[in-house]
Structure formats: structure tokens, C-alpha cells
1. Applying the selection to the range 108-139, what residues are surrounded by 14 or more Cβ atoms within 10 Å (Cβ to Cβ), assigned to a strand (DSSP E or B) and out of contact with any Pro (no Cβ under 8 Å at 6 or more places or on another chain)?
2. From the list 294, 324, 311, 239, which residue is among the acidic types (Asp, Glu), open to solvent by less than 10 Å² (accessible area, probe 1.4 Å) and at pLDDT 95 or above?
3. Any residue in the range 292-309 that is under 20 Å from residue 261 (Cβ atoms) and assigned to a loop (DSSP other than H, G, I, E, B) sitting within a Cβ distance under 7 Å of a residue that is of a type in the set (Val, Ile, Thr) and open to solvent by less than 70 Å² (accessible area, probe 1.4 Å)? List the pairs, counting only those 6 or more apart or interchain.
4. In the range 1-30, what residues are closer than 14 Å to residue 585 by Cβ, hydroxyl-bearing (Ser, Thr, Tyr) and not in a strand (DSSP E or B)?
5. Could you figure out which of (1) open to solvent by less than 20 Å² (accessible area, probe 1.4 Å); (2) under 22 Å from residue 220 (Cβ atoms) isn't true of residue 353?
6. Could you tell me which residue of the range 140-181 is modelled with the highest pLDDT, considering only residues that are within 23 Å of residue 462 (Cβ to Cβ) and of a type in the set (S, T, N, Q)?
7. Report yes if residue 102 is of a type in the set (Asp, Glu), touching a strand residue (DSSP E or B) at 6+ places or on another chain (Cβ under 9 Å), outside any helix (DSSP H, G or I) and closer than 26 Å to residue 392 by Cα, otherwise no.
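The values are calculated or read from the model by the stated rules, or taken from the named source; none is laboratory data. Here the structure is a predicted model, which means the values were calculated and not measured. We place every Cβ from the backbone using ideal geometry, glycine too, and count neighbours over all the protein chains shown. Surface accessibility is based on the protein's heavy atoms, side chains included, excluding ligands, DNA and RNA. Shrake-Rupley method; radii C 1.70, N 1.55, O 1.52, S 1.80 Å.
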Amino acid sequence: EPEMPRFLSTNDKLISNVTLINTTNKKGNVKIKASVSGPLEITSDKFKTVEINPNATSNVQFTFTSKNNIGNAKVIFETEGLAKVKEEINIGIRPVSPLVVESGSGEIKSGEKLEINLPNHFIANTQNSTLTISKLPVIKFAKQFKYLLGYPYGCVEQTVSKIFPQIYFGDLAKNIYPKLYENNNSIFYVNEGIKKLESMQLYDGSIAYWQGSNESNLWGTVYTAHFFVEAKKAGFYVDENVLTKLLSYLNKKVKEKSIYDYVTYSNNQKTIIKIAQKEIIYSLYVLALADKGDISTMNYYKSMPQLLTNDTKYLLAGAFALMDKRNSFAELLPNNFTQENTERLTGGNFDSSIRANAIMLNVLLEVDPSNLQIPIIVKYLSQNSENIYSTQETAFTFLALGKALKSQAKSNLHVDIFSNNKKLGTYNNADFTISNNQLHSGKINLNAKGEGKVYYFWNTEGISSTNEIKIVDSQMKVRRTYYSYKTKAEISNNKFKQGDLIVCKISLTGGQRSAENIAISDLIPAGFEIENPRLSTSTNFNWENKNRMNVQYLDVRDDRLILFTNLTANKTYDFYYMLRVVNIGEYQLPVIAAEAMYDREYHSFNGAGKVIVE
């Protein structure tokens, strides 16, 4: 019976105790051998011999050290003597430092030669690289699209954002992120997303913010309805009962005529005005798109233009166009494009300037695709591509730019791709991707012939070989503290005893401003196991806990605990959970990380180190 953890980190040292149990009435010698494969090595003797009495046990120890590499390792124990026994244990070696992604894009014209140098500071077997060439200008935004497809959390907004563009750009998504599509295609992911969203519907027809939760989000509900309507039109199966209940819910909500305080910026001046709730106007647009338009409510807001922002004017105008009320569409639609400037929201309707202007472009492409404002808004979004951050911004921007730029794709160009003077392939007017196993070195040469120009996107990702993580607090602080469960004393030296029960306190402190939708990820050391992930709600937990954190969603995995909460300015709130110390050794202690899902300005990384278990 070997004591092995479920995982190890790079550069961990594990002392594994192996118990040999003699269930016979014979006394004898047993020789035990340990062997490994993968990024793991044995740093003690590989053979141990022990004498075991009848119906007794004996113990031996082996020491293992994980390499500065990641992947699947295997440990094999084999015995000779009293009996032949063999046991194989699979164990994953995870990185301590996060995944690093670097990318670049550009264009190449006929007659040009181009050299691309991929970064080379990654652990060897962790680096994955791709090069994509396309006639579609939208490939320039592949960096943002790939980030969207790989976003790790799954609330209603992010679920829709990841699958919405795949309705129209599944082939492009496969070229941008081939690893994601090794086993499944975009149709699979869209269908799975539809099933998940249908399972999140609540009794009143709205959609829960988190799967299994009873808290709905109005913007997420409208966004889901919009996706369902377009997915159905694109030929995907959507449950009619779910969609009917969803549209019925929106039909009731639009009659509430809600308003709220809205922050807008002009000439560096901040102004707060009262406007119609954006979710309501968006709902009117979606209802019209589903042939369920509410003309009377639309006319009410048409008569109250002071309650509309630029983006909601386009949405309301679009709703009239979808209902074949072209005169009202023309009256409402601004004659010229004026960008909407507003503050970034980390919750509520997830508003931002990029998102607002991308919505305006989406509406025009749907109801008036020849409108002269379209190229102007395309230029605005293209110039602000580096400011596209959140999943909302990325989804709406990619949907709009993808549709707008797809029609502009014209060229008759051939591009030869070389690496180390070896030809890897040729682009011939069809999207072309070269993946990791074909890129023989970090230097790639492109040679273009023919007419016109095409666009390229390269991406490389992996685990940095330096294992360096920047310790930083921006707009908030997250901290992790360990305590003895028995004595309640703080464990400040990171030294533990095998079998200890310990309490981990996670503290989140806000800065000058509050924010919503904060994700906290606490990777536990190898050799530890999560014992009770919700200790602060346990009736047996009598620790002082006045500042209990309001956790909206909790995700517990073998090697980490992820929780989602809100940030309150100048306040500290705590969350407690229990761990058990299981395996002897020396283990890397990863940082605890916190970030706002919709605003990169809010982030905190702290607490990297090493723990010793005796």
C-alpha cells in the first residue's frame, strides 16, 4: 500500500511510505523495486529488502523528485519473495507558474518575404505553436478570439460568449485554436453549450448566472435569448419550451420601464445621467429578432429619446427595422457614427465603451448591411483592438468584425512557408494552419507570390522555464493564511506534520473602488488534500468569522479551490476551508490569485513559496 499524492508540481520532493502486508502464516524476505517514467525520478535507492513476520506489516520509504517539466508520470512498485505483486500509479506533474501566451499578427503582400521569430523561453514539452494564414482580415483579431475560446470559467455570460461566434466562424476558430478541436468540432461545442444553457433556466424563464444557482442575471438572460434565436436560425436545435419561456420572461421585463444612473464621458468630463436600462432595450431588439416584437413599448422609448444612449438608439432602431417599421428606424438611427464612451462595469450588464460600439456595428450588419457608418465603426474597433479585454467585448467585437470583414476578403496569393530552409507547406487561397509538430524551429520564413495580400497570425504558449511569477496587488489584495485546526495557531513557517488538519483562510481586501465577479484561485501544494471546502458554513466551525465572504459559486478540484465573489471598497472579507496534510516531502506552494473577470485593472498575486511536511 504506497502513499502517493494525486498530483505533484514541478521540482517537488516526495517521500513515499510503502506498507507491505503479510497475510500469510509464513515469515520471509520481500524485495521491493520502484521504477518511474515521465517527468519524475527516484532520488533514493530503487531496491529495498525487508523481513516480514507472519500476519504482520513492514514499511519502506522511497524518495521521488519531479523534474522541471510537466506531463503524466507513472510510478511502478514490484515485489519478489513471499509473493509477486505489481502496482502502477499514474500521477500528473503540474506547473507552478501559469500558462504564458504570446502572439503576433500582420499582413504580407505579393513579392514580400517575411521572417517570424517565435519565443523560446518555455519548458520544452509544454510549448505549443501555430501559424495561420488567411485572406480574412479578421484573423488580426485571432489573439482575442483564442483568449475567448480558452477562458476557463463558465457563468452564463462566458458560456454564451464562447459559443456565439462559433455559429458563424467555426472553421476560423478551428484554425486559430486547433488544439481545442482535436477531438470535436464547433458544432459539438455549440450543441453542448445549448444543453448547458437550457439546464440553467429557472422557474420564471430567466437563466441562472451559475449552473445550479437560483440567482439570475438579466443581461445574461437576454444574451442567452439572442444566442438561442440566432442559433435556431443557423440550424441548431433549441428546445422550443425553453425558448418560449425565455421570450415570455423578456416580454414581461420590458414593460417595467426601468431606469438607472449611467456614467458617460465627453471631452474628459464625467457626466451621470438617467437612462433606460440597457437590458430592456436589448430585450426589445431580441424580441423583434424572434418575431415577438412589442411595438407599444418600442414606441414609448422612441418618444423618450433622452433615455437612450448611442448603443440603445441603434438597438431600438434595429428592433423597428426587424418589425418592418423602416420610417421609425430612419428616425431613430443617428445620421453619423458617434462613439459611445462609458465606464467599464464588472457586473450588472457588463458595459464598456468597446462593447457598446460593437453592438452598434452588429445591429447595422443585421438590418442595414450597406450603411455607410459600417466602415467607420470597423475602423474604430480595429484601432482599439488592444483594449478589447472582457469576454463580452471579445464576443460582440468578433461577431461584428467577422461578419463585416468576411465580405472584404479578396486576394489571389500563394505563400510558401519555410523553417530551417525546409518547406513546410503552401497557402493557396484557403485558410491554412501549421501546428506545433510541423514547426521545426523558432524561425519561420514566408515568401508571397501572386496578387493582393493575406493576413497571418502566430501563437505560442507554454510554461516559462524560469518559473517566475510577478507578485502584485492592483486595486485589491488577496492573502492566504494557514492555521492549526486543533490549536488555532497560525502556521507561519510553512512546516507541517503528516496527518495534520489545517485551516486555510482566504482574505480579500478591496481598494478605493468596489468590483463584481472576482475569481479567486488557490492552488494547493502537492501532498495536501481538500477536506472541507465550505468550512465557514459548517455548524461545527466555531472560529470567529464576522467578515464572512459572500461566495456566489465554488469550484473544487483535486489540486485547487476556485471561488467567485464581489469586492467591496476598503473592506476585508474571509473564506475558510480545511485541508489535510497527507504526504511527507517538500512541495512548491503556488501563488494565490484573484482577478476581476471583466476588468484587468483588478488583480492580485501573492504567497509563492515552499512547504515542508515531516
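1. Those that are surrounded by 14 or more Cβ atoms within 10 Å (Cβ to Cβ), assigned to a strand (DSSP E or B) and out of contact with any Pro (no Cβ under 8 Å at 6 or more places or on another chain): 108, 109, 114, 116, 122, 128, 129, 131, 132, 133, 134.
2. So the residue among 294, 324, 311, 239 that is among the acidic types (Asp, Glu), open to solvent by less than 10 Å² (accessible area, probe 1.4 Å) and at pLDDT 95 or above is 311.
3. Qualifying pairs under 7 Å: 308/275; 309/275.
4. Matches in the range 1-30: 10 only.
5. (1)
6. The selected residue is 144.
7. On the way: of a type in the set (Asp, Glu): yes; touching a strand residue (DSSP E or B) at 6+ places or on another chain (Cβ under 9 Å): yes; outside any helix (DSSP H, G or I): yes; closer than 26 Å to residue 392 by Cα: yes.
Here the answer is yes, as residue 102 does meet what is asked.
Matching residues to (1) under 23 Å from the mean Cα position of the chain (by Cα); (2) surrounded by 14 or more Cβ atoms within 10 Å (Cβ to Cβ); (3) not in a helix (DSSP H, G or I):
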site: 381; (1), (2), (3): yes, yes, no
site: 397; (1), (2), (3): yes, yes, no
site: 404; (1), (2), (3): no, yes, no
site: 415; (1), (2), (3): no, yes, yes
